Amino acid sequence: VGMICLGLHSNFYGFAVEIIDDLCDEDGMGFRVCKTHDRFRMVRMEVSGAGVSGSVQAFTRQPPVAQAALSEIVKVVGPTEFAGSTVLIIGGSRGLGELTAKTIAAGGGTVIVTYATGRGDAERLAETIHREVPLSRCNVLQFEARGNVANQLSAIDCKITHLYYFATPKIFRQREDLFVKSQFDDFVQIYVTGFYESCRFLADHGSRPLVAFYPSSVAVEERQLGMTEYSMAKSAGEILCSDINRADCGIQAMVSRLPRLLTDQTATTIPVKNADPLDVMLPIIRNVQLSSRSMASTGPCIKPTLPGQAAHAPFSMAGVNSES
């Protein structure tokens with residue numbers, strides 16, 4: 001599975017085999033597809049040989065999700081719409097972070113995108129921005145939200161005007177109980193502690209006032225079973241943002257409960273309806289970029305607009321190094 005039958009975009013589900021007396025002198029094991037199910041993208045294979053007989057079940061999964069191309073984004077974003085802003089996008093190598101980076105760059109803003117493991121994705125994004133939006137600047141930085149935030153962000157030597165925090169672990173996980181403490185602790189570390197420490201570090205190192213965008217989720221209100229820990233952690237993040245604004249500490253936290261959007265996380269084996277990320281994110285990005293400190297101290301909440309509805313080495317953004 002993942003090598004020959006089904007190929008790269010596949011998920012192993014299970015197997016059932018038994019040891020048998022194999023009278024065949026041939027070494028090795030063979031297989032054949034015996035059943036498929038289009039709706040569930042399921043394939044069942046019979047396997048036999050080398051004293052083993054049974055079946056293997058697997059699913060073809062959705063290929064990696066491609067966000068809107070820069071060539072499409074520049075058609076709906078003004079070339080100087082976000083000029084003058086220097087934006088740190090934590091978790092910016094793919095998904096909503098990638099889309100946000102492209103959008104701000106298309107509007108003339110300077111972007112720094114972080115990655116946890118996908119360095120290649122982040123560098124390809126930077127190269128695309130340099131090539132297609134020559135007047136914009138983009139750099140990349142490795143960042144792990146579970147690690148020491150200050151040590152990692154100390155590589156930034158320019159004033160950040162806006163922070164977009166898209167750091168996320170795997171959301172949909174196997175579980176054996178209604179509540180799994182280890183999963184909750186992991187979500188809190190990334191969605192709450194990592195966000196707060198990132199805001200505090202930037203604000204304490206010259207980025208005041210700092211506008212920080214916190215992407216919450218409709219899961220907070222819909223409360224689907226199987227997402228208890230995720231919903232609780234996102235709710236805690238919302239409370240934190242509200243108190244950040246109440247404290248008037250030089251940080252303006254802006255929150256939006258995002259609907260289910262098409263990303264690698266939500267591209268399930270069985271297709272589920274997802275909103276278009278650019279349709280939802282563009283008005284939010286505009287709101288965040290144009291926000292001011294005069295907004296209500298209780299903490300602004302941006303309502304999403306749905307279709308149909310009204311490396312550790314220090315670097316300087318003075319120059320662009322596509323190798324970084």
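The values are calculated or read from the model by the stated rules, or taken from the named source; none is laboratory data. Bear in mind the structure is a predicted one, so any value in this text is a computation, not a measurement. Cβ sites come from the backbone with ideal geometry, for glycine too, and all protein chains shown count toward neighbours. The area values use the complete protein model at the heavy-atom level, side chains included, leaving out ligands, DNA and RNA. Shrake-Rupley method; radii C 1.70, N 1.55, O 1.52, S 1.80 Å.
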Taking only Cα atoms of the stretch 1-93, the Rg to Rh ratio with Kirkwood Rh works out at 1.34
Taking the convex hull of Cα positions in the stretch 18-177, its mean projected area over all directions (nm²) = 15.8 nm²
Debye, to nearest 20: dipole size of the stretch 153-195, +1 on Lys, Arg Cβ, -1 on Asp, Glu Cβ | 100 debye
Give me the distance in nm between label points sitting 7 Å out from Cα along the Cα-to-Cβ direction at A247 and C158, one decimal.
-> 2.8 nm
Rounded to a whole number of µm²/s, how large is the Stokes-Einstein D of the stretch 192-252 at 4 °C and 1.567 mPa s, given Rh as the Kirkwood radius over C-alpha pairs?
-> 105 µm²/s
Which whole-number percent gives the relative contact order of the stretch 179-267, counting Cα pairs below 8 Å spaced six or more residues apart?
-> 37 percent
Ordering of 196-205, 27-36 by packing [mean C-beta count within 10 Å, highest first] = 196-205, 27-36
Difference of contour (0.36 nm per residue) and Cα-Cα distance, N148 to R223 | 23.9 nm
Residues with beta-carbon under 14 Å from that of V149, excluding V149: net charge, scoring Lys, Arg +1 and Asp, Glu -1?
-> -1
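For the stretch 1-50, what is the relative contact order in percent, using Cα pairs closer than 8 Å and at least 6 residues apart in sequence?
30 percent
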Given the stretch 150-216, what whole percent of its Cα pairs are spread farther than 15 Å?
-> 58 percent
Treating only the Cβ atoms of Lys and Arg (+1) and Asp and Glu (-1) as charged, compute the dipole magnitude of the stretch 121-188 about its Cα centre; round to the nearest 20 debye.
-> 120 debye
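Tell me, what % of the accessible area of the stretch 67-211 is carbon and sulfur with a 1.4 angstrom probe?
52 percent
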For K234, counting only lysines whose alpha-carbon sits under 28 Å away and dropping same-chain residues fewer than eight positions off, the answer is K102, K159, K170, K181, K273, K303
Looking at the stretch 81-184, which GluC sites (Glu not before Pro) are DSSP coil and have at most 13 other C-beta atoms within 10 Å of their C-beta?
-> E176
Calculated Rg and Dmax of the stretch 92-157 using C-alpha coordinates, Å | 11.7, 34
What's the local net charge at S85, with K and R +1, D and E -1, over the other residues with C-beta under 14 Å away?
-> +2
Applied in sequence order to the stretch 240-246, the curve 6.51 cos²θ - 1.76 cosθ + 1.60 (Karplus, θ = phi - 60°) yields integer Hz couplings, x standing for Gly and Pro, of 4, 4, 4, 6, 4, 5, 5
Go ahead and collect, in residue order, the members of the stretch 214-257 whose backbone nitrogen is under 18 Å from a label point 7 Å along the Cα-Cβ direction of S182.
-> 227-230
Just order 47-57, 229-239 by mean Cβ neighbour count inside 10 Å, highest at the front, would you?
-> 229-239, 47-57
Quick one: which residues, 5+ away or cross-chain, put their amide H under 5 Å from the amide H of S256? H built at 1.01 Å from N.
-> Y214, S216, I302
